[in-house]
Amino acid sequence: MALLMAQYGERGPNPHELIAAMPFEAGALAPGHARVQVLAAPINPSDVLTITGEYGMLPPLPAIGGNEGVGRVLALGEGASGPAVGRLVLLPVGGGTWRSQLDAPAAHLLPLPEGDPVQLAMLAVNPPTALLLLEDIVDLQPGDWVIQNGANSAVGGYVAQLAKVKGLNLINVVRRESAIADVRADGGEHAVVDAEDLPRRVRELVGEVPVKLAIDCVGGLSTENLARCLVEGGTLVNYGAMSGERCMISPRWFVFRDIVLRGFWLAKWFRQATPERQREVMTRVATLIAGGQLRARVAATYPLEQIRDAVQAAASNARPGKIILTP
């Protein structure tokens, strides 16, 4: 069977029209490297934005799509020190994972516990984002209250599951009534539809509770709606703009309520975190996924031959879960 890679040579507003499955030859395996058979690789919103040119970090063209995935070691090059042949491994983040096989420095491969490759393929971006949002922004203790919007998103689902593991109380905000069922399926107990009167809706749902952290992936006026639910001196962290709009918030919340607004970008965390810290976070997440404590909804899986259909499906706001490539 021919080896394939999903490659694009230009960027534009219709990403599925710009990418194609191209054959390639594996070539000789370099010393110190491992050859890995790719088992599963997700298509994240950031992957789509990278093809359109709207993401904050863009690879040189032509480029192979994909920033995460899992595979099984096929062979080790001369002098390679890393996971043994046959071991399930996490692919290097940002390594162009939409392909049948890839070669990478063996020492950079993280060995994984055996589990569902489709679920483990999603561990490098969304689960650590959720974990770090709950651990690195505010010092939260069991019983503390957190609110998030975009609660039916992939990150939102992981936040809900991790909050339960950590003993945190979580209020889940969505943009449409029909999304509440998805939130509850992910373990989200308290779910409410976003609106200008969100603070009142939250009070009706859970009472007067001190919300210390708000997690925003929507932007626009939803940012201020969340801020108005925070306790005085609370923190709002933004990690996305699903609305396509800038964060809108009145200065009164900074001045009179001492609200802190900050951002989070996982790519920056990877640049700043030590290799030991990265490995510790990934290992914790992998253990939770392999043990069934963390899961994400999967809408569909596609072979590489159908990469255009897969990217088009991933770009749709109506999909009920993740799109996964299974090379």
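The values are calculated or read from the model by the stated rules, or taken from the named source; none is laboratory data. Just so it is clear, the model here is predicted, and its values are computed rather than measured. So basically every Cβ, Gly included, is an ideal-geometry build from the backbone, and we count neighbours across all protein chains shown. What goes into the accessible areas is simple: the full protein's heavy atoms, side chains included, and nothing from ligands, DNA or RNA. Shrake-Rupley method; radii C 1.70, N 1.55, O 1.52, S 1.80 Å.
Annotations
- Residue list for the range 73-96, filter: within 21 Å of R295 (Cα to Cα), without any contact (Cβ under 8 Å) to a residue 60 or more places away in the chain and either among the polar types (S, T, N, Q) or part of a strand (DSSP E or B) (or both): L88, V89
- Of all residues in the range 28-44 being in contact (Cβ under 8 Å) with a residue 24 or more places away in the chain and outside any strand (DSSP E or B), the one that is surrounded by the fewest Cβ atoms within 10 Å (Cβ to Cβ): P31
- All of E196, E189 fail the test of being open to solvent by 40 Å² or more (accessible area, probe 1.4 Å), acidic (D, E) and in contact with a strand residue (DSSP E or B) (Cβ under 8 Å, 6 or more places away or on another chain), apart from E189.
- Scope the range 78-98; condition more than 20 Å from the chain's Cα centre (by Cα) and open to solvent by 10 Å² or more (accessible area, probe 1.4 Å); matching residues: E78, G79, A80, S81, G82, P83, A84, V85, G86, R87
- When residues in the range 114-153 are screened for being of a type in the set (A, V, I, L, M), closer than 19 Å to V183 by Cβ and not in a helix (DSSP H, G or I), 4 of them pass.
- Matching residues, the range 99-118, being touching a Lys or Arg at 6+ places or on another chain (Cβ under 7 Å) and either among the acidic types (D, E) or open to solvent by less than 10 Å² (accessible area, probe 1.4 Å) (or both): D103
- When the residues of the range 307-327 are filtered to those that are open to solvent by 80 Å² or more (accessible area, probe 1.4 Å) and among the polar types (S, T, N, Q), the one that is farthest from L102 (Cα to Cα) is N317.
- Cβ separations smaller than 9 Å between residues 6+ apart or across chains give the following pairs from the range 244-272 residues that are within 18 Å of S222 (Cβ to Cβ) and of a type outside the set (V, I, T) to residues that are open to solvent by 50 Å² or more (accessible area, probe 1.4 Å) and in a helix (DSSP H, G or I): E245/L221; M248/L221; L261/F254.
- Counting only residues that are open to solvent by 70 Å² or more (accessible area, probe 1.4 Å) and either in contact with a His (Cβ under 9 Å, 6 or more places away or on another chain) or charged (D, E, K, R) (or both), the range 168-186 holds 4 of them.
- Restricted to the range 199-232, and to residues there that are assigned to a loop (DSSP other than H, G, I, E, B) and of a type in the set (D, E, K, R), the residue that is surrounded by the most Cβ atoms within 10 Å (Cβ to Cβ) is R228.
- The residues listed here are A300, A296, A286; of these, the one that is part of a strand (DSSP E or B) and open to solvent by less than 50 Å² (accessible area, probe 1.4 Å) is A300.
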